[in-house]
Amino acid sequence: MIYGNWAYQKKHHDNYRAYEIVWMGHVLGKRESRRLLGDVIVTEQDILTGRKFPDACVPTFWGIDLHGPHPRNTKHFPGEEFIALADHASKREQPFVVPYRALYSRNVDNLFVAGRCISVTHVALGQVRVMRNTGTMGEAIGLAAAVCQDKSCLPRALYPDHWDALTSRFSEAP
């Protein structure tokens with residue numbers, strides 16, 4: 001997709017013609033690289049059905065947003081089919097709320113995760129990966145880490161054993 005986009009820019013915009021690509025990372029155009037598995041793996045179905053989790057803590061307002069080449073690009077850009085297309089077909093009116101159990105590792109006892117590496121499927125990542133959501137994950141994890149320290153417990157023990165201590169911090173947060 002990157003090469004297709006670059007070729008399009010050079011062909012159709014004079015100010016790009018003199019430039020060349022000198023370096024690119026080994027994983028190009030990806031919105032993900034790896035995800036860690038938590039005690040819950042959020043799926044597309046969870047989002048589409050608005051599944052309610054008892055440990056819900058991070059509201060997400062973005063729809064499932066997937067990018068990739070699309071056959072209809074052939075009609076408008078013949079020979080340049082790798083120009084990316086965003087699919088926002090599954091916007092919801094109500095937010096989906098990410099469960100706490102997707103924000104820590106199931107096999108590394110003291111590891112919280114936030115951002116694009118949380119415990120979700122590839123398609124579900126399209127909903128949670130935007131900055132507003134990942135920032136909220138960071139806030140939730142910061143509060144959870146403080147509770148873990150206060151209670152001398154690991155992330156997995158926080159839910160359900162100390163869930164009230166965390167939810168009271170959510171309501172106190174600015």
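When peptides 94-103, 152-161, 127-136 are sorted by average Cβ neighbour count within 10 Å, with the highest value leading, the order is 94-103, 127-136, 152-161.
Using the Cβ-Cβ distance between ARG51 and MET24 with R0 set to 30 Å, the FRET efficiency from 1/(1 + (r/R0)^6) comes to roughly 0.20. Close amide H pairs (under 5 Å, H built 1.01 Å from N) link VAL120 with VAL42, residues at least 5 positions away or on another chain. Phi angles of the stretch 162-169 translate, via the Karplus equation with coefficients 6.51, -1.76, 1.60 and θ = phi - 60°, into HN-Hα couplings of 10, 4, 4, 5, 6, 5, 5, 5 Hz per residue; Gly and Pro are given as x.
Amide H to amide H distances under 5 Å link VAL113 with TYR104, SER105, where only residues 5 or more positions off or on other chains count and H is placed in the peptide plane. For the stretch 122-172, the equivalent ellipsoid derived from the alpha-carbon gyration tensor has semi-axes of 24, 12, 9 Å in decreasing order.
Relative contact order of the stretch 97-144: 34 percent, from C-alpha pairs under 8 Å at least 6 residues apart in sequence. Between the amide H of VAL97 and those of THR60, distances stay under 5 Å, these residues lying 5 or more places away or on another chain, with hydrogens modeled in the peptide plane. Return the FRET efficiency for the residue pair TYR16, THR121: r is the Cβ-Cβ distance, R0 is 45 Å, and the value is rounded to the nearest 0.05. In this case the efficiency is close to 0.80.
Readers should treat all values here as calculations from the given coordinates under stated rules, not as data from a laboratory. Remember, predicted model here, so these are calculated numbers, not experimental data. Note that each Cβ is placed from the backbone with ideal geometry, even for glycine, and that neighbours are counted across all protein chains shown.
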